Number of protein chains: 2
Amino acid sequence: MKSEKTTTKKYLTIQDYIKKRIQTGKFPVGSYLPSENEICNRFKTTRTTVRRALDELLKEGFIEKEHGRGSKVIERGNSLGLLTVKGFSGSIDYEVQTIVTTHPKIIKWDPVIAFPLTNDEKKSQCVYFQRVRNINNLPVVLENNWYSLDALQFIKADEFVEGSFFKTLSQKHLIEIMGADQELRSIPASKEVAKKLQIKIGNPILHISVRFRTSKPGLNLYGDLYCNTTEYPIRNSFFL
Amino acid sequence: MKSEKTTTKKYLTIQDYIKKRIQTGKFPVGSYLPSENEICNRFKTTRTTVRRALDELLKEGFIEKEHGRGSKVIERGNSLGLLTVKGFSGSIDYEVQTIVTTHPKIIKWDPVIAFPLTNDEKKSQCVYFQRVRNINNLPVVLENNWYSLDALQFIKADEFVEGSFFKTLSQKHLIEIMGADQELRSIPASKEVAKKLQIKIGNPILHISVRFRTSKPGLNLYGDLYCNTTEYPIRNSFFL
DNA sequence: CAAAACAACTTGTATGTACAAGTAATAATC
DNA sequence: GATTATTACTTGTACATACAAGTTGTTTTG
């Protein structure tokens, strides 16, 4: 039996408060946060602590700071080092379309998941769904997803914000992606994959196994992606 | 005419000092830095400033902090969001070997480079070399590399530190990787690639085009990698 | 001798203060 | 009226201090 000491660190309180207001749109993208001194007054603390909180938000990609002006809310996720299909998200050159090919349903954990499950996850039921991403009406990515029902409620496909599961998590459930582990392989297309991506069996396919870690304790998102990279390669950028 | 005010920020001085000592091996990987108070005394400053410097080094992946113990120097690059072969670097399970198959030589820029060259690079001569990475005596990665001779001197293969070009840059030239852009494709092995990786022509290969941005202005490192991922997948992790 | 208490370290959080430096709108000057 | 200076904001750097909390080795205690 542990006392579970949650020592509410002040900088975390401030950080979470601002993060929540950004996520819920109270501090919209492009706007400026209250000045550091205003935040000090509101939380009865000093600039050192407020700056600490803002530094975290800066590091997490929620804001950017402008010397002499203020802290600006920015679009998060672009700066994340995520693997993305070239032309996806943010580009107008391509028409991207997401089709839910298997609606969320409760199943047994699939052994194809390339990462060891936690004990809690093993004990829990598993939510699964499958999507296909089209670019210019051509299927490019086949995506299987799993998560633990104990860690996150059942979410129906028609609740997805703009067809995106991540956006749903962020905007409706205040859950953010904190990191990911990925394994990449080049494999020949199986019969099923070939059919869904409309290519020949045996064609080279980029297979990505991914585990996303989230801000919600115990919640991991597992993915299994099959990408036809002949037209649209996968992109990955990172900075310091 | 500008006065070029270099206001030598104190935390930057400390940061650079420690970074340099890590890069040159004076603070070896696995060792602990002097305590924050010791650094304070040495630089006649306060812990706030020292911690600021250490925070930067933490963010850049040079050290990790252990509450109550100290700041430990870690192998940089693992924490970077870089793509690495599973089992490479840091693992003792596999015997990794790097063979320079084409020694550095000056050539024309190769059009296979997937990124647009800067004007300075186009005007400059180009240094090229090719390596093969073996795991347990099996070739796994075929790697082509290019850089601009104007941006970095000619480096011979026998100058490579532990066969690693990056380690050479870091330890002998104090140049660090600041970021990268990568494009991933799954392709069938060409005749040349199949031969060098000892696989069949047409087998699926993970093709990675990469541009590394460095701390040295004007210096980009271009790479073209062919990975046999059947035994050893490519790994990629990132955090916040 | 083993367990508990202690001391001496380490990093973590927080307060309070001061001044430097960048931004933007207003007021004074030419 | 256009330029310059002032002013009132903003964030950036740095000082000094205090105590909390984790680690490790030593000393005391049972």
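Below is a table of values for the structure above.
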{"item": "Segment B:44-68, residues that are near DNA strand D (Cβ under 10 Å from one of its atoms) and either in contact with a Ser or Thr (Cβ under 7 Å, 6 or more places away or on another chain) or hydroxyl-bearing (Ser, Thr, Tyr) (or both)", "result": "B:Thr45, B:Thr46, B:Thr48, B:Thr49"}
{"item": "Search result, residues across segment B:118-137 that are closer than 18 Å to B:Ser164 by Cα and surrounded by 14 or more Cβ atoms within 10 Å (Cβ to Cβ)", "result": "B:Val127, B:Tyr128, B:Phe129, B:Gln130, B:Arg131, B:Val132, B:Arg133, B:Asn134, B:Ile135"}
{"item": "Qualifying positions in segment B:102-117 - surrounded by 14 or more Cβ atoms within 10 Å (Cβ to Cβ) and not in a loop (DSSP other than H, G, I, E, B)", "result": "B:Thr102, B:Pro104"}
{"item": "Condition broken by B:Asp120, with the remaining ones in (1) within 14 Å of another protein chain (Cβ to nearest Cβ); (2) assigned to a helix (DSSP H, G or I) satisfied", "result": "(1)"}
{"item": "Test: residue in segment B:141-154 that is within 26 Å of B:Pro116 (Cα to Cα), open to solvent by 40 Å² or more (accessible area, probe 1.4 Å), assigned by TED's automatic domain parsing to the domain that holds B:Val96 and assigned to a strand (DSSP E or B)", "result": "no"}
{"item": "Pair list, Cβ < 6 Å and 6+ apart or interchain, from segment B:32-61 residues that are at positive phi to residues that are near DNA strand D (Cβ under 8 Å from one of its atoms)", "result": "none"}
{"item": "Qualifying residue in segment A:13-25 (condition: within 9 Å of DNA strand C (Cβ to nearest atom), away from chain B (no Cβ under 14 Å) and under 24 Å from A:His173 (Cβ atoms))", "result": "yes"}
{"item": "Residue selected from segment A:44-55 under the condition open to solvent by less than 50 Å² (accessible area, probe 1.4 Å) and within 10 Å of DNA strand C (Cβ to nearest atom), by the criterion nearest to the other protein chains (Cβ to nearest Cβ)", "result": "A:Thr49"}
{"item": "Count of residues meeting criterion [more than 10 Å from every other protein chain (Cβ to nearest Cβ), among the hydrophobic types (A, V, I, L, M, F, W, C) and either without any contact (Cβ under 8 Å) to a residue 12 or more places away in the chain or under 18 Å from A:Val140 (Cβ atoms) (or both)] in segment A:200-240", "result": "2"}
{"item": "Residue in segment A:14-21 that is modelled with pLDDT under 90 and either among the aromatic types (Phe, Trp, Tyr) or more than 10 Å from DNA strand D (Cβ to nearest atom) (or both) present", "result": "no"}
{"item": "Members of segment A:184-199 found to be among the small types (Gly, Ala, Ser) and within 11 Å of chain B (Cβ to nearest Cβ), listed by number", "result": "A:Ser186, A:Ala189"}
{"item": "Matching entry among A:Leu33, A:Leu58 (being open to solvent by 30 Å² or more (accessible area, probe 1.4 Å) and closer than 25 Å to B:Asp55 by Cα)", "result": "A:Leu58"}
{"item": "Some residue of segment A:146-155 being more than 14 Å from chain B (Cβ to nearest Cβ) and either closer than 19 Å to B:Ser237 by Cβ or in contact with a Cys (Cβ under 6 Å, 6 or more places away or on another chain) (or both)", "result": "yes"}
{"item": "Residues that are open to solvent by less than 40 Å² (accessible area, probe 1.4 Å) and outside any strand (DSSP E or B), drawn from segment B:61-73", "result": "B:Gly61, B:Phe62"}
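The values are calculated or read from the model by the stated rules, or taken from the named source; none is laboratory data. From a predicted model like this one, the values you see are computed outputs, not experimental measurements. Here the Cβ is made from the backbone with ideal geometry for all residues, glycine too, and neighbour counts use every protein chain on show. For the accessible areas, the whole protein counts, side chains as well, though only heavy atoms, and no ligand, DNA or RNA atoms are used. Shrake-Rupley method; radii C 1.70, N 1.55, O 1.52, S 1.80 Å.
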